[in-house]
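S.K.: Have a look at the structure that comes next, please.
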Amino acid sequence: EIVMTQSPATLSVSTGEGASLSCRASQSVRSNLAWYQQKPGQAPRLLIYDVSTRDTGIPARFSGSGSGTEFTLTISSLQSEDFAYYYCQQFNSWPWTLGQGTKVEIK
Amino acid sequence: VQLVESGGGLVQSGGSLRLSCAVSGFTFSRYWMSWVRQAPGKGLEWVANIKQDGSETNYVDSVKGRFTISRDNAKNSLYLQMNNLRAEDTAVYFCGRGGSYPSYWGRGTLVTVSS
């Protein structure tokens, strides 16, 4: 099973600032990586798949990069609605696995 | 697009539950489907997925032999039969459209297994 490790666990950011969230895979997942946003009591929301492709309706301030084992989700200028949990997920090798999440909180 | 889960509840350890996911707004038979769960205060865990025609299914090791994913394309419904439930199966169960990275999700149904 591929282990996904996210860092940091919590990121404190002010509105309008940028944020970078990291995700590391225990072995190569090629470009088979997705990012989700989740708010308490809600379902996950797909942000990005295939490392860098934004899902329909996702604002351009969200971008993804990386390959192999190291990936980054960048939020260019945080809006109030962006404070949430973020998860990376690999879909290269079953079982699909997700990181433990990064909480982006208001500083 | 709508996905609505049902069937969750409180069950004793060793018991069974059948979750359903009713979908609308898209052609169900064209999509892989997934079940993903989230234990209270924890992260997300992929449970199972199923191919469009039901001919291929995948399960995480922790539920193999206990859970069965299935679908009825005529009824636009996805199912998860859960047998021999354990306390560690306690979670909110989400269904998602897609086998690899679902872009649409239901709101989830809570399963609580008491020991």
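Every number here is computed from the coordinates shown, using simple stated rules; none is lab data. Bear in mind that the values here come from a model prediction, so they are computed numbers and not experimental data. Note that each Cβ is placed from the backbone with ideal geometry, even for glycine, and that neighbours are counted across all protein chains shown.
S.K.: Along the charge dipole of chain B, Cβ charges K/R +1 and D/E -1, which of B:Leu78, B:Thr68, B:Val47 sits furthest on the positive end?
M.R.: Of the options given, the answer is B:Leu78.
S.K.: Contact order normalised by length for chain B, with contacts defined as Cα pairs under 8 Å and 6 or more residues apart; what percent is it?
M.R.: It comes to 37 percent, rounded to a whole number.
S.K.: Averaged over peptide B:57-67, how many Cβ atoms belonging to another chain are found within 10 Å of each residue's Cβ?
M.R.: Neighbouring Cβ atoms belonging to other protein chains average 1 per residue here.
S.K.: Further question: Classify segment B:25-71: rounded, prolate or oblate, from the alpha-carbon gyration tensor (a ≥ b ≥ c, eigenvalue square roots; a/c under 1.5 rounded; otherwise prolate if a/b is larger than b/c)?
M.R.: Since a/c reaches 1.5 but b/c is at least a/b, the shape of segment B:25-71 is classed as oblate.
S.K.: Ok, one more. Which value results when the Cα radius of gyration for the protein assembly as shown is divided by 2.2 N^0.38 Å?
M.R.: Working it through for the protein assembly as shown, the quotient is 1.01.
S.K.: For chain A, what proportion of DSSP beta bridges, expressed in % and rounded to the nearest 5, is antiparallel?
M.R.: So the antiparallel bridges amount to about 90 percent of the total.
S.K.: Based only on the alpha carbon positions, what is the Kirkwood hydrodynamic radius of chain A, in angstrom?
M.R.: When all Cα pairs of chain A are included, the Kirkwood radius is 13.6 Å.
S.K.: Only four residue types carry charge here, +1 at the Cβ of Lys and Arg and -1 at the Cβ of Asp and Glu. Report the dipole size of segment B:13-115 about the Cα centre in Debye, rounded to the nearest 20.
M.R.: With Lys and Arg at +1 and Asp and Glu at -1, about 180 debye.
S.K.: A further question follows. Work out the FRET efficiency for A:Ala60 and A:Lys107 from their Cβ-Cβ distance, taking R0 = 25 Å, and round it to the nearest 0.05.
M.R.: In this case the efficiency is close to 0.60.
S.K.: Mind checking B:93-106 for the average number of partner chain beta-carbons within 10 Å of each residue's beta-carbon?
M.R.: 5
S.K.: Diagonalise the Cα gyration tensor of chain B and give the resulting equivalent ellipsoid semi-axes, square root of 5 times each eigenvalue, largest first, whole Å.
M.R.: The equivalent ellipsoid of chain B has semi-axes of 22, 14, 13 Å.
S.K.: Let me ask something else about it. Which entries of A:Lys39/B:Lys51; A:Lys103/B:Lys75; B:Lys42/B:Lys64 show an alpha-carbon separation above 31 angstrom in the structure shown?
M.R.: A:Lys103/B:Lys75
S.K.: Dipole size in debye (nearest 20) for the protein assembly as shown around its Cα centre, Lys and Arg Cβ +1, Asp and Glu Cβ -1?
M.R.: With Lys and Arg at +1 and Asp and Glu at -1, about 280 debye.
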